[in-house]
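Reviewing the structure listed below.
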Amino acid sequence: MKEIILLTISGEDKPGVTSSITSILAGFQVNILDIGQAVIHNTLSLGILIEVPKVSESSPILRDLLFKAHEMDMKVRFQPVGEDEYENWVTGQGKSRHIITLLARKVTAAHIATVTDIAARHDLNIDKITRLSGRLSLSHEQENTKACVEFSVRGASDDTSLLREEFLRAASELDVDIAFQEDNVFRRNRRLVVFDMDSTLIEAEVIDELAKEAGVGDQVIAITEAAMRGEIDFNESFRRRVALLKGLDAGVLESISQRLPLTEGAEELVSNLKALGFKTAILSGGFTYFAEDLQRRLGFDYVYANRLDIKDGVVTGEVVGEIVNGARKAELLREIAAREGVCLEQTIAVGDGANDLPMLSIAGLGIAFRAKPLVRQSAKQAISTLGLDGILYLIGFRDRDAIR
């Protein structure tokens, strides 16, 4: 009968602990069945599941480990594990795996308690908890802080739709974001990210800004809001809004472009994606003049948007070419993915409006960013609490990995 023992070593973190422990085990030709280590606030917790070979006895191994732990001022615990218990555990490792990502300005015990309670009620077992965000100083209050904890869970819920609904409800009540993704090879190998522009990359709706300059702001805003809620067909609403701009001096486009505020985290997100080799694109129902300006500033690889018709320095109230609506955005996502040689499962789409849902639904990771309730409920994932750089956490990116 094989002898299996779980070793747990804990104490103040210092160099050489793992080396010292495993060197003793090596002297007895021990097999390592599993190993894990974590350090929290300079306190080390090291777990090693060992198989003692028949040629060795456990008594001298445990004795030497006790002496070494005492020498290093560490605590060590031994727990025998039965073969049947081990085999059951191994079988459980083959279950489906998912990643739960909790994003907030500051993580509280209530946040963790809620997420883990929902997971437990759906028979999801937590294998690992990892903090992706950096440590925060307590010396002074910081604006726009970010906190993210990632849970690796094992198992399968009987009702995934209900699970997602509970996470969405909890996120709304706690003012946090909770993402639930299958932990597969595609999650770790995204290659293309496409963005809506208005109210996603920038904190404004450009057509509303143009309308203010044309003196038709209230009329256009009302149509915009109805379109974002999905109450009016996008093409119809777009043509109606553009028609109201007839006669606008085209010279105002430059001044509007200069004052458009970038969304929190947009620069950090795009610069890091580019450094990691991602391709990026703007797929906008807005206008090329402003999208191309963003391309120059942030370095997007592709830009597709609508072109305003301008004659003699005046906006005519017409659009040149095909309107970039929801269906067109999805089509463009497919085209760019094919051009770059990536499958749709490797793509990420980010948007806030109803016209973004077609591309969000076909992307491997569709993210509703600070979106209307209808869009949040329909998208695979949603971020409302943090800035755009919070998307990096959803692909397992840590703060310490950031390109400075």
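The values are calculated or read from the model by the stated rules, or taken from the named source; none is laboratory data. Computed from a predicted structure; not experimentally measured. Reconstructed Cβ throughout: ideal geometry from the backbone, glycine too, with neighbour counts over all protein chains shown. Accessible surface areas use protein heavy atoms only, side chains included; no ligands, DNA or RNA. Shrake-Rupley method; radii C 1.70, N 1.55, O 1.52, S 1.80 Å.
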Assess whether Glu268 counts as being closer than 30 Å to Asn144 by Cβ and either more than 31 Å from the chain's Cα centre (by Cα) or small (Gly, Ala, Ser) (or both). no
Residues that are β-branched (Val, Ile, Thr), surrounded by fewer than 18 Cβ atoms within 10 Å (Cβ to Cβ) and more than 39 Å from the chain's Cα centre (by Cα), drawn from segment 304-325: Ile310, Val314
For segment 73-96, indicate whether the set of residues that are in a helix (DSSP H, G or I), free of Cβ contacts under 8 Å to residues at least 24 places away in the same chain and surrounded by 12 or more Cβ atoms within 10 Å (Cβ to Cβ) is non-empty. yes
Taking the conditions exactly as written (assigned to a strand (DSSP E or B) and either among the basic types (Lys, Arg) or open to solvent by 80 Å² or more (accessible area, probe 1.4 Å) (or both)), does Ile32 satisfy them or not? yes
Any chance Leu44 is hydrophobic (A, V, I, L, M, F, W, C), out of contact with any Lys or Arg (no Cβ under 7 Å at 6 or more places or on another chain), surrounded by 13 or more Cβ atoms within 10 Å (Cβ to Cβ) and assigned to a helix (DSSP H, G or I): no
Show the residue pairs that are 6+ apart or on different chains and have beta-carbon atoms under 6 Å apart, the first residue being within segment 56-67 and closer than 12 Å to Phe28 by Cα, the second being of a type outside the set (A, V, I, L, M). Ser56/Phe28; Ser58/Glu3; Ile61/Phe28; Leu62/Phe78
Would you pick out the residues in segment 258-282 that are open to solvent by 60 Å² or more (accessible area, probe 1.4 Å), touching a strand residue (DSSP E or B) at 6+ places or on another chain (Cβ under 9 Å) and free of Cβ contacts under 8 Å to residues at least 60 places away in the same chain? Lys274
Determine, yes or no, whether Leu245 is within 27 Å of Ala327 (Cβ to Cβ), outside the structural domain of Ala281 (by the TED database) and open to solvent by 20 Å² or more (accessible area, probe 1.4 Å). no
Does segment 258-267 include one or more residues that are of a type in the set (A, V, I, L, M, F, W, C) and part of a loop (DSSP other than H, G, I, E, B)? yes
